[in-house]
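These notes concern the structure reproduced below.
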Amino acid sequence: MNTRILLVDDDPFILEMLKVSMAALGHAFDTAMDGEAAKEKLRQSEFTMVLTDLTMPRCDGMQLLKHVKEGYPGVEVIVITGHAERYGYTDVIRAGASDFLIKPFGMDELEAKVSRVIREQTLIRKLEHLSMCDMLTDLYNRRCFEMKLHEEVPRAHRQGYPVFLSLLDVDRFKEYNDQYGHPAGDRVLQDIGRILVQCTRENVDWCFRFGGDEFAIIIPYATADQAGLVAGRILERYNHDPRYASTSLSVGLAQFVRHPGQTWAEDIAELVARADKALYSGKAQGGNQVVVDSSPPGSGELPSGTDAEIPKK
């Protein structure tokens, strides 16, 4: 697990001490001088933990804690204060903090509390991975897909960046299974899982086994051209393997669009339906191609230089 900690304190001396401590412990970190600056850092970058002072101008530690718990539920918070008479341990724990430090504190105490939170985060993530992982391909499973789609789509709309959904299906997979047996079919699915991971961005795109021989990718922070190129690379990589020459991949690609008057659930269901319709349009045309849903403005064309059908190698 890669740990990245946001250090928040309006006292330059304390902030410098925290920086030195985190560097000595080998943790990546960034800093902010108050809660408002911390909110901006959280919006711009990914963090696993926040160490924050409690009494700060503009936005205090309790307000920042509330902001983190509401907007970034996976980020743990350790509260640091020299004013224990106002807020006690019980107050901050009830508000969602993982732990509490009272100034002055020693390096050993800081290290112990940070290490404990990291160990708990690591264990939680392992358990989450087991519950949301497809055991055959080691991709995320359908349960995780539903959860991540309902997290990523509202976040993308709120922060103003596009998000695409790509659905992939193996053409003639049943015939391949019948001819070579289910263990061979399982190897096809495992190789597709590896190809998806190789052709997408680590810690940005989300790859899933959607079910059976169908896969899904959530692609945020990308243009229509970039999302189409990802799909094209996947087809090209798959077609390059002669073992699977009797099969191919069909890909449907759709961009999320928010419709006034519809609920988030309705808009997300529509996104999945449009990607699925594009996928089966490609399969109906013989497969081995990327079909881009033409409903959203500007997403009806494939990227320049990417053919709708990529010939088998």
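Taking region 154-169 and a reference point 7 angstrom along Cα→Cβ of residue 267, the backbone N atoms nearer than 19 Å belong to 154-166. The fewest-to-most ranking of 195, 268 by surrounding Cβ atoms within 10 Å reads 268, 195. Whole-Hz Karplus values for region 119-124 come out as 4, 5, 4, 4, 5, 4 Hz, taken residue by residue from phi with 6.51 cos²θ - 1.76 cosθ + 1.60 and θ = phi - 60°; glycine and proline positions read x.
For the residue pairs 19/113; 19/41; 39/113; 41/66; 39/66; 126/148, the alpha carbons lie more than 20 Å apart in 39/113. Legend: ranking of residues 45, 98 from fewest to most surrounding C-beta atoms inside 10 Å; resulting order 45, 98. Name the residues of region 105-121 whose amide N is less than 17 Å from a point 7 angstrom out from the Cα of residue 28 along the C-beta direction? The answer is 118.
Projecting label points 7 angstrom from Cα along Cα→Cβ for residue 91 and residue 226 puts them 4.3 nm apart. Put a dot 7 Å past the Cα of residue 107, heading toward its Cβ, do the same for residue 159, and the two dots end up 3.5 nm apart. Using bins of 10 Å that start at zero, the share of Cα-Cα pairs per bin across the chain amounts to 6, 24, 25, 20, 15, 8, 2, 0, in whole %.
Summarising the amide proton neighbourhood of residue 163: residues at separation of 5 or more, or on other chains, whose placed amide H is nearer than 5 Å comprise 256. Only the Cβ atoms of Lys and Arg (+1) and of Asp and Glu (-1) were treated as charged; on that basis the dipole of the chain about its Cα centre amounts to roughly 400 debye. Modelled spin-label separation between residue 198 and residue 240, with each label point placed 7 Å from Cα along the Cα-to-Cβ direction: 0.6 nm.
Over region 192-249, the reciprocal of the mean inverse Cα-Cα separation, the Kirkwood hydrodynamic radius, stands at 12.1 Å. Less than 11 Å Cβ to Cβ from residue 274, Lys/Arg counted +1 and Asp/Glu -1: what total charge do the surrounding residues give? Here the count lands on -3. A straight chain from residue 119 to residue 277 at 0.36 nm per residue would run longer than the Cα-Cα distance by 52.5 nm. Packing-based ranking of 22-29, 206-213 yields 206-213, 22-29, ordered from highest to lowest mean Cβ neighbour count within 10 Å. Expressed in units of 2.2 N^0.38 Å, where N is the residue count, the Cα radius of gyration of region 142-292 is 1.04. Rounded to the nearest 20, the size of the Cβ-charge dipole of region 18-145 about its Cα centre is 240 debye, with Lys and Arg at +1 and Asp and Glu at -1. Compute the Cα gyration tensor for region 1-108, then decide on rounded, prolate or oblate, letting a ≥ b ≥ c be the square roots of its eigenvalues: rounded whenever a/c is under 1.5, prolate when a/b is larger than b/c in the other cases, and oblate in all that remain. Here region 1-108 falls in the rounded category. Considering only the Cα atoms of region 26-65, their convex hull presents on average a projected area of 2.8 nm².
Rule-based calculations on the coordinates, nothing more; no lab input. Note that this is a predicted model, so its numbers are computed, not measured. Cβ: placed from backbone, ideal geometry, glycine included. Neighbour counts: every protein chain shown.
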